[in-house]
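Peer 1: I'd like to ask some things about the structure below.
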Amino acid sequence: MIKLPKKTVVNSSHGKLILVGEHSVVYGKPAIALPFPLVKVKANVELINDTIIIKSRYYVGPLNKIPEKMEGIAVCIKETLKRLEKPVTGLLINLESTIPLGRGLGSSAAVAIAVVRSLFAYFDRELSKEELMELAHLAETYAHGNPSGIDTAAASNDGPIWFQKDNQIESLQIGASFNLIVADTGRIGNTHAAVASIKDKFKSDSKATQQLINQLGEVSEQTREALSNGSVKSLGKLLNSAHDQLTKLGVSDDGLNKLVRTARNAGALGAKLTGGGRGGCIIALVRNLEEAQSVADALINDGARKTWYFTLE
Ligand code: MEV
């Protein structure tokens with residue numbers, strides 16, 4: 001038996017939340033995303049005397065037998081090793097994640113970011129932000145079809161960002177504390193299908209679809225102002241308005257609408273779906289953490305699988 005030197009490298013990334021601008025961001029409008037560090041993914045890279053083995057909640061086995069739904073991450077690993085000029089062999093990549101899959105919380109982007117960071121660290125190579133985004137984007141392209149890049153940008157940034165395709169990512173200033181709740185419907189959304197359905201809507205009714213996309217873009221502009229002025233009430237109204245427009249675009253569903261209603265009835269100042277929609281999560285704005293607890297209780301009573309709350313400062 002060959003004895004290998006022991007070397008293990010761990011790196012991580014966090015989930016993301018889209019505050020406003022999902023879907024319209026695909027059409028060049030600005031969006032605002034937040035880091036969601038309450039859910040995380042850790043990628044551990046270890047030397048082994050074998051091929052590349054992936055260990056995760058959903059799959060344990062060789063890289064070349066990875067299931068279709070994880071194909072994006074396989075592409076990302078191979079491209080990263082190619083960039084590092086290393087052979088695709090001899091590594092155990094262990095993924096530990098608390099980010100629920102397909103709930104609009106940026107699981108695939110966070111896994112890709114953690115893996116790219118770990119592989120670069122494992123081979124003692126510097127990783128620029130541009131290179132990280134570029135390699136992680138490959139996994140996203142597989143997961144989403146035509147991603148705007150917002151998930152990768154949010155999962156690799158530690159503060160709120162202003163994101164617009166082909167523009168520099170901007171860090172956002174927040175003028176007051178905002179208390180937010182995230183609630184999971186427990187159902188996996190399909191971002192790929194939701195993005196495709198809007199593309200189809202453009203074909204069948206381009207004028208109305210463009211109008212909704214424009215309105216979502218305006219909501220993002222106003223949300224930026226509300227965040228910077230610390231205007232909690234305005235932010236609540238803007239979240240509600242974004243949810244209406246996303247519903248008209250056809251990417252909400254009964255389960256999401258129900259949780260949005262529950263949050264509002266329990267006292268939230270505003271609530272909307274977050275991410276691709278058609279399953280996944282909602283986000284709601286409340287006045288303080290006591291109210292967060294009571295709104296979270298109401299959401300669980302009404303069928304939410306899980307809730308999280310935190311203060312954005
Ligand atoms: C998914 O988190 C956000 C979408 O706008 C798709 C994208 O921007 O790639 C729905």
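Peer 1: With runs of 4+ DSSP H residues as the only contributors, calculate the mean residue ellipticity of the chain at 222 nm using -39,500 (n - 2.57) per run, divided by the residue total and rounded to the nearest 500. Could the numbers behind the result be given before it?
Peer 2: Details: 9 runs with 131 residues, N = 313.
It comes out at -13500 deg cm²/dmol, rounded to the nearest 500.
Peer 1: Helix 289-301 sits at what angle to the longest principal axis of the chain, using alpha carbons and giving 0 to 90 degrees rounded to 10?
Peer 2: For helix 289-301, the angle is close to 80 degrees.
Peer 1: Taking the Cβ-Cβ separation of L84 and E130 as r and a Förster radius of 22 Å, what is the calculated FRET efficiency to the nearest 0.05?
Peer 2: Working: r = 16 Å, r/R0 = 0.71.
Efficiency, from the Cβ-Cβ distance: 0.90.
Peer 1: Moving on. Based on the mean of other Cβ atoms within 10 Å per residue, sort peptides 248-259, 75-86 so the most packed one is first. Walk me through the numbers before you get to the answer.
Peer 2: Working: 248-259: 18.9, 75-86: 17.3.
In decreasing order of mean packing, 248-259, 75-86 become 248-259, 75-86.
Peer 1: Can you check what the net charge comes to around D254, using other residues whose Cβ is under 13 Å from the Cβ of D254 (Lys, Arg +1; Asp, Glu -1)? List each step's numbers first, then the result.
Peer 2: Numbers: positive: R187, K258, R261, R278; negative: D253, D302.
Summing Lys and Arg as +1 and Asp and Glu as -1 gives +2.
Peer 1: Quick one: net charge of A284's neighbours, Cβ under 9 Å, K/R +1, D/E -1? It would help to have the intermediate numbers written out before the result.
Peer 2: Details: positive: R264, K272; negative: none.
Neighbourhood net charge equals +2.
Peer 1: Once you compute Rg and the Kirkwood Rh from C-alpha atoms, what is the Rg to Rh ratio for region 173-312?
Peer 2: Values: Rg = 15.0 Å, Rh = 15.3 Å.
Here the Rg-to-Rh quotient is 0.98.
Peer 1: Roughly what angle does helix 71-83 make with the longest principal axis of the chain, taking Cα atoms, 0 to 90 degrees, to the nearest 10?
Peer 2: Roughly 50 degrees, rounded to the nearest 10.
Peer 1: For F36, list long-range residues whose amide hydrogen, built 1.01 Å from N in the peptide plane, is under 5 Å from its own amide hydrogen.
Peer 2: G15, K16, L17
Peer 1: Here's a follow-up. If the limit is 19 Å between Cα atoms, which of K16/K65; K165/K199; K201/K237; K69/K203; K272/K306 go over it?
Peer 2: On the way: K16/K65 29 Å; K165/K199 17 Å; K201/K237 26 Å; K69/K203 28 Å; K272/K306 16 Å.
Over 19 Å apart, Cα to Cα: K16/K65; K201/K237; K69/K203.
Peer 1: Just need log10 I(q)/I(0) for the chain at q = 0.09, 0.10, 0.12, 0.13 Å⁻¹, Debye formula, equal scatterers on the alpha-carbon atoms, no solvent, rounded to two decimals.
Peer 2: -0.45, -0.55, -0.77, -0.89
Peer 1: I want the local charge near G106. Using Cβ-Cβ distances under 14 Å, sum +1 for each Lys or Arg and -1 for each Asp or Glu among the other residues.
Peer 2: Details: positive: K16, K40, R103; negative: E22, E140, D151, D158, D184.
Every neighbour counted, the sum reads -2.
Peer 1: Still on this structure: With the crude spin-label approximation of a point 7 Å out along Cα→Cβ, what separation in nm comes out for S177 versus R305?
Peer 2: Reported label-point gap for S177 and R305 is 3.1 nm.
Peer 1: Report Rg(Cα)/(2.2 N^0.38 Å) for region 86-153, keeping two decimals. Intermediate values should be presented prior to the final figure.
Peer 2: Working: Rg = 12.4 Å, N = 68, 2.2 N^0.38 = 10.9 Å.
Ratio of Cα Rg to 2.2 N^0.38 Å: 1.14.
Peer 1: Using only the alpha-carbon atoms, how far is helix 191-204 inclined from the longest principal axis of the chain? Give it as 0 to 90 degrees, nearest 10.
Peer 2: The two axes meet at around 50 degrees.
Peer 1: Something else: Averaging over all projection directions, find the projected area of the Cα convex hull of region 8-163 and quote it in nm² with one decimal place.
Peer 2: 8.3 nm²
Peer 1: Can you give me the distance in nm between label points at D200 and L38, each placed 7 Å from the Cα along the Cα-to-Cβ direction?
Peer 2: Output for this residue pair reads 3.4 nm.
Peer 1: Cβ neighbours within 10 Å, averaged per peptide: list 157-169, 121-133 in order, most packed at the top.
Peer 2: Ranking, from highest mean packing down: 157-169, 121-133.
No value in this document is a laboratory result; all are computed from the given coordinates. Note that the structure is predicted; figures quoted are calculated from it, not measured. Glycine gets a Cβ as well: all are built from the backbone with ideal geometry, and neighbour counts include every protein chain shown.
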